[in-house]
Amino acid sequence: MVYFTNPDLTRSPIGKSSNKGGALDIEKVAADLVESFSSSDGIASEDRVGFVVDLAADDDASSSSPCQCDIVTTDCLGVIACMPGLHDSEREKALAWTGIELRKSMKETSEILGTVFHEWGLPLGKTLQYNTMDTWINWRSMNILPAGYGPTDDSIFIREEWYPDCLVYNPKKNKTETRFEGHSCFYRGPAAEEDSAGIIEEEARRWYDETSQNGTQTRTKVRTILNNFFEAHQPISNEQQKQAHFSPLGDLMLYAHTTRMLFNRRSFLDEIYQEKLTSVVMPRSETGSALRSGIASESTVDNNNPFRVALHIRRGDSCGKHMAIISNDERAEYESEASLLDSIAQVGSERMCYKTEVYLDKVRRIRQMVPRERPLHVYLATDDVGDIVNEINSTHGTNVRETYGIDVLHYLDYSREQFNYITPDTVTIEEATNTANQPFLGETAVSDLWLLSHGDAFVGHKGSRFGKVSWLLAMARRNNFVPFASIDGHSFCCEIDENCGAMKPFITVDNCLTFGHEYHDLEHEKYWEEGSTLRKRYFQRQMLAKNKKLILSKHMDEFSSKEQQASGNTAALLSYPEHVKKTKPSS
């Protein structure tokens, strides 16, 4: 295999358009985008039970069925076969460029006010998701976006003295002081200009600069389209007026763009990322290994418009069920199959880890759906104390390409030693007994989030807030839906301590995006036996507030009687509006 840090190997060349009609009309791309983000049925997100996104089928797709993804499931890899223009490199760049302009329009048409709140003891992934929830709620209800992060908000996961950009010399006191504290050390905030580093963004800007004949004029027209869209969908204070709503796809994608605006890294973090980024060209079976002298020729083959897979292998403090065997590195005891949506809630000691092959089987499935001329690049992030790269190579050697279809593997070369923090006294990264490792884990977290945000597809853990956020960032950077497979039996809408199958009937688009059980004054019942069931009670409270009538669950015939019993008192289930039928995925 070949290890390399040459940045040119991670940049794919801009090729000719594969559009049948010739040059791509960027204004039409923007117009089609906002149309897909607009609701055609007038249903509000809080009233839309279920979360099915429509992805207009590709003209070349062989199936006549709608191209859809049910977000409240664990696997939507199948849409790779039908998503429009997914393998059209020019359209990909046009969407990414439009996404950059969309975030500018989103800020331009909103009021910028206040700062982002965070708790000092929360992991960075969880903090970012909760900040997105708060920002989304404020933006949808009041059209307000925060200006930035509080300059004095501390975090146990950020050690400011490690980063000179977060410090300032005070000549009066003749000493160096903290300039940016906590999250403001890592992030600049939504009001600041967006960080421009990144393969996806660079290629999008380069494509636009090289192909647009009237750059400034075209940009102005695109921004007008986007501004008009946002102005038409602003919250309305007068209840007599009709509120314009987003489509499920629009809600999801704009929520993702909100995450991206909050994840506005300072430049030194990209310098750290580039320093740690390491890539491995997988050996070809006919040669047994790739020679160092063959890097240039390998890069030509392996870097021609690659399809990138974000691979998140969650271990660390998520292995509660396997805690007794972790010290002996008995990976054979990890789960050998991905969990299903109706699997048990993973609370405390029930949280599970999975064998590496479980993830790689999903990668192999992706390879089968991606055109062979596109090399497969895997972006691997893990908190495993072992070396996953060596594990893959020692198990499969020269057959990695043939077995799983992986051409190049990218990862961040951080020491594994400091991920080994699990002891009888330390079972989560937040605990005081893990103080020494927390700043290191903070830096690796923000770096790994950026690594995973490169994905055209996502394989990992949707029960993890870190996994959820990385998926959202990938969609925002590409300004396109990212197909996924969740290994841990949890959907994006579901919390790790929920039985997702049992809670599925109570998920709306709105509570999928904004529900967190810590936000509500509801107490758990039988938590250690059933997991969290607060979503059901929250849903019932919302429906009651809207004067929904209580009836038997006549609209839940698709769920088995066993699932109905698991969901609680069926006599208290709430009727669903007629529009629920419209949100069911096509068979």
Six or more apart or on different chains, Cβ atoms under 7 Å: show the pairs whose first residue is in the stretch 32-56 and free of Cβ contacts under 8 Å to residues at least 40 places away in the same chain and whose second is in a loop (DSSP other than H, G, I, E, B). 56/67; 56/84
Only one residue in 132, 127 is under 26 Å from residue 46 (Cβ atoms), in contact with an Asp or Glu (Cβ under 8 Å, 6 or more places away or on another chain) and crowded, with 18+ Cβ neighbours inside 10 Å, so which one is that? 127
Quick check: is even one residue across the stretch 81-97 in contact with a strand residue (DSSP E or B) (Cβ under 6 Å, 6 or more places away or on another chain) and over 17 Å from residue 36 (Cα atoms)? no
Check residue 272 against each of (1) in contact (Cβ under 8 Å) with a residue 60 or more places away in the chain; (2) outside the structural domain of residue 473 (by TED's automatic domain parsing); (3) in a helix (DSSP H, G or I) and name the one condition it does not meet. (2)
Quick one: which residue in 103, 91, 140 is crowded, with 18+ Cβ neighbours inside 10 Å, in contact with a His (Cβ under 8 Å, 6 or more places away or on another chain) and within 30 Å of residue 27 (Cβ to Cβ)? 103
If you check residue 139 against the conditions, is it closer than 28 Å to residue 504 by Cβ and aromatic (Phe, Trp, Tyr)? yes
Residues of the stretch 143-176 satisfying the condition of being closer than 16 Å to residue 264 by Cβ and out of contact with any helix residue (DSSP H, G or I) (no Cβ under 9 Å at 6 or more places or on another chain): 147
With the checklist (1) part of a loop (DSSP other than H, G, I, E, B); (2) farther than 26 Å from residue 514 by Cβ in hand, flag the one item residue 90 doesn't pass. (1)
Hey, any hits in the stretch 213-222 for a residue that's within 21 Å of residue 254 (Cα to Cα) and crowded, with 16+ Cβ neighbours inside 10 Å? yes
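Take the residues in the stretch 475-485 that are in a helix (DSSP H, G or I) and in contact with an Asp or Glu (Cβ under 8 Å, 6 or more places away or on another chain), then tell me which one is farthest from residue 194 (Cα to Cα). Give the steps one after another, and end with the answer.
Of all residues in the stretch 475-485, those in a helix (DSSP H, G or I) come to 475-478.
Within this subset, residues satisfying the condition of being in contact with an Asp or Glu (Cβ under 8 Å, 6 or more places away or on another chain) are 477-478.
On the way: 477: 12, 478: 15 Å.
Checking each candidate, the answer is 478.
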Whether any residue in the stretch 64-78 is assigned to a loop (DSSP other than H, G, I, E, B), modelled with pLDDT under 90, out of contact with any Lys or Arg (no Cβ under 8 Å at 6 or more places or on another chain) and more than 30 Å from residue 463 (Cβ to Cβ) is what I want to check. yes
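Tell me which residues, restricted to the stretch 316-345, are at pLDDT 75 or above and part of a loop (DSSP other than H, G, I, E, B).
First pass over the stretch 316-345, keeping only residues at pLDDT 75 or above: 333-345.
Residues satisfying the conditions are 334, 336, 337, 338, 340, 341, 342, 343, 344, 345.
Suppose we filter 573, 534 for residues that are at pLDDT below 85, buried (at least 22 other Cβ atoms within 10 Å of the Cβ) and under 23 Å from residue 52 (Cα atoms); which single one remains?
Details: 534 fails: at pLDDT below 85.
None of the other options fit; the residue is 573.
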Mind listing whichever residues of the stretch 208-258 are modelled with pLDDT of 95 or more, polar (S, T, N, Q) and closer than 16 Å to residue 110 by Cα? 224, 227, 228, 258
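Looking at 91, 48, which is the one that is modelled with pLDDT of 90 or more and either over 30 Å from residue 218 (Cβ atoms) or among the aliphatic types (A, V, I, L, M) (or both)? Write out each step before concluding.
Numbers: 91 fails: either over 30 Å from residue 218 (Cβ atoms) or among the aliphatic types (A, V, I, L, M) (or both).
Of the residues listed, the single one that is modelled with pLDDT of 90 or more and either over 30 Å from residue 218 (Cβ atoms) or among the aliphatic types (A, V, I, L, M) (or both) is 48.
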Can you tell me which residue is modelled with the highest pLDDT among those in the stretch 425-454 that are outside any helix (DSSP H, G or I) and in contact with a Phe, Trp or Tyr (Cβ under 6 Å, 6 or more places away or on another chain)? 454
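I need the full set of residues from the stretch 173-183 which are more than 22 Å from the chain's Cα centre (by Cα) and either within 23 Å of residue 258 (Cβ to Cβ) or part of a loop (DSSP other than H, G, I, E, B) (or both), in order please.
Our first condition is that a residue be more than 22 Å from the chain's Cα centre (by Cα); within the stretch 173-183, this holds for 173-182.
Answer for the stretch 173-183, where residues must be more than 22 Å from the chain's Cα centre (by Cα) and either within 23 Å of residue 258 (Cβ to Cβ) or part of a loop (DSSP other than H, G, I, E, B) (or both): 173, 174, 179, 180, 181, 182.
The values are calculated or read from the model by the stated rules, or taken from the named source; none is laboratory data. It should be emphasised that the depicted structure is a prediction, and the values quoted were computed from it without experimental measurement. Neighbour counts run over all protein chains shown; Cβ positions are idealised from the backbone, glycine included.
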